[in-house]
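Comments concern the structure below.
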Amino acid sequence: MRILLLGYGKMGKTIEQIAVDRGHAIVGKIDLQNRAEMEALAAGDVDVAIEFSSPESAFENITYCLKKGWPIVCGTTGWLDHKTEVEALCKSQSGSFFYASNYSIGVNLFFRLNRMLARLMNGHEYQTSMTEVHHIHKLDAPSGTAITLAEGIMEETENIDGWKLAPENEEGYLQILAERRGEVPGTHIVRYESEVDTIEISHTAHNRQGFALGAVVAAEWLPGKFGVFGMNDLLKV
């Protein structure tokens, strides 16, 4: 399979390594400095694009790929105010678009656990909060994974209407503390506190391998399918 990489930072390099190990060819490694190389590629040169760039570049990259007819797997977060536009474009172009805030299998199981716990805690006297920790190079806060966790809690909890990024706090909102430290791949902690006890669930990534492998598996799965997809489609959950 011929893969175009959009974004060639640490994540892009890890995806490249895994893709090559799995027998795929990398036909382009695009960053801001060499975008002309992507524009020189013909429609038939690419089987699928994998997009891990920046919040500022993601929407333009996704739009370009869909108009070019290239299936695209996106893991960039921080651009989701344009998601409705992307979904409409994907439909109008009969395109293939796969988005996940996190491609780790473990994280997606954690999403399920998070919803289950939120459902059990609904109606009990606990204050819900979240902490996410990432490396200092991460541009958006809170993380896309934290937002997905928050959305799961909101859908399962009657008295939580939204989220606020700390230090903001408001009754009826989930507070998310976003910390940036060193080279931390990603840690997410969901916390329920009362006067008598604290309940926590957490996921800690040890490296980028799980995220990158999930993105490559999604790229292997996507070609030949048409529409907007996510990890639930891939994992059949």
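The values are calculated or read from the model by the stated rules, or taken from the named source; none is laboratory data. Bear in mind the structure is a predicted one, so any value in this text is a computation, not a measurement. Ideal geometry is used to build each Cβ from the backbone, glycine not excepted, and the neighbour counts take in all protein chains shown.
Could you list all residues from segment 133-152 that are in contact with a helix residue (DSSP H, G or I) (Cβ under 7 Å, 6 or more places away or on another chain) and either over 23 Å from Gly7 (Cα atoms) or β-branched (Val, Ile, Thr) (or both)?
Keep residues of segment 133-152 that are in contact with a helix residue (DSSP H, G or I) (Cβ under 7 Å, 6 or more places away or on another chain), which gives 139-140, 145, 148-149, 152.
Thr145, Thr148, Leu149, Gly152 - these are the residues of segment 133-152 that are in contact with a helix residue (DSSP H, G or I) (Cβ under 7 Å, 6 or more places away or on another chain) and either over 23 Å from Gly7 (Cα atoms) or β-branched (Val, Ile, Thr) (or both).
Residues of segment 88-122 that are farther than 22 Å from Met154 by Cβ and part of a helix (DSSP H, G or I): Ala88, Leu89, Cys90, Lys91, Ser92, Ile105, Gly106.
Quick one: would you say Gly182 is outside the structural domain of Glu85 (by TED's automatic domain parsing) and loosely packed, with under 12 Cβ neighbours inside 10 Å?
Numbers: outside the structural domain of Glu85 (by TED's automatic domain parsing): yes; loosely packed, with under 12 Cβ neighbours inside 10 Å: yes.
Spelling it out, Gly182 is indeed outside the structural domain of Glu85 (by TED's automatic domain parsing) and loosely packed, with under 12 Cβ neighbours inside 10 Å.
Only one of the listed residues (Phe59, Phe52) is in contact with a His (Cβ under 8 Å, 6 or more places away or on another chain), among the aromatic types (Phe, Trp, Tyr) and assigned by TED's automatic domain parsing to the domain that holds Leu6. That residue is Phe59.
Quick one: how many residues across segment 123-137 are outside any strand (DSSP E or B) and out of contact with any Ser or Thr (no Cβ under 9 Å at 6 or more places or on another chain)? Give the derivation first.
Step one: list which residues in segment 123-137 are outside any strand (DSSP E or B), which gives 123-126, 135-137.
Cutting the leftovers down to out of contact with any Ser or Thr (no Cβ under 9 Å at 6 or more places or on another chain) gives us 135-137.
Qualifying residue count for the region: 3.
Please determine whether any residue of segment 195-204 is part of a strand (DSSP E or B), touching an Asp or Glu at 6+ places or on another chain (Cβ under 7 Å) and either surrounded by 14 or more Cβ atoms within 10 Å (Cβ to Cβ) or not assigned by TED's automatic domain parsing to the domain that holds Leu120 (or both).
Residues of segment 195-204 that are part of a strand (DSSP E or B), as a first pass: 198-204.
Next, only the ones that are touching an Asp or Glu at 6+ places or on another chain (Cβ under 7 Å) stay: none.
No: zero hits.
A quick yes/no check of all residues on (1) without any contact (Cβ under 8 Å) to a residue 24 or more places away in the chain; (2) farther than 18 Å from Ser54 by Cβ; (3) surrounded by fewer than 17 Cβ atoms within 10 Å (Cβ to Cβ):
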| position | (1), (2), (3) |
| --- | --- |
| Thr131 | no, yes, no |
| His135 | no, no, yes |
| Leu139 | no, no, yes |
| Thr148 | no, yes, no |
| Met154 | yes, yes, no |
| Gly162 | yes, yes, yes |
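The one condition from (1) surrounded by 15 or more Cβ atoms within 10 Å (Cβ to Cβ); (2) closer than 19 Å to Gly123 by Cα; (3) hydroxyl-bearing (Ser, Thr, Tyr) that Thr187 does not meet is (2).
With the requirement that a residue be over 19 Å from the mean Cα position of the chain (by Cα) and of a type outside the set (Lys, Arg), what does segment 117-154 give you?
Within segment 117-154, Leu117, Ala118, Leu120, Met121, Asn122, Gly123, His124, Glu125, Tyr126, Gln127, Thr128, Ser129 meet the criteria.
The set of residues in segment 91-123 being over 22 Å from Gly214 (Cα atoms) and outside the structural domain of Thr145 (by TED's automatic domain parsing) consists of Lys91, Ser92, Gln93, Ser94.
Scanning segment 178-207 for residues that are within 16 Å of the chain's Cα centre (by Cα) and at positive phi turns up just one, Gly186.
Looking only at segment 88-135, which residues are touching a Gly at 6+ places or on another chain (Cβ under 9 Å) and acidic (Asp, Glu)? Glu132, the sole residue that qualifies.
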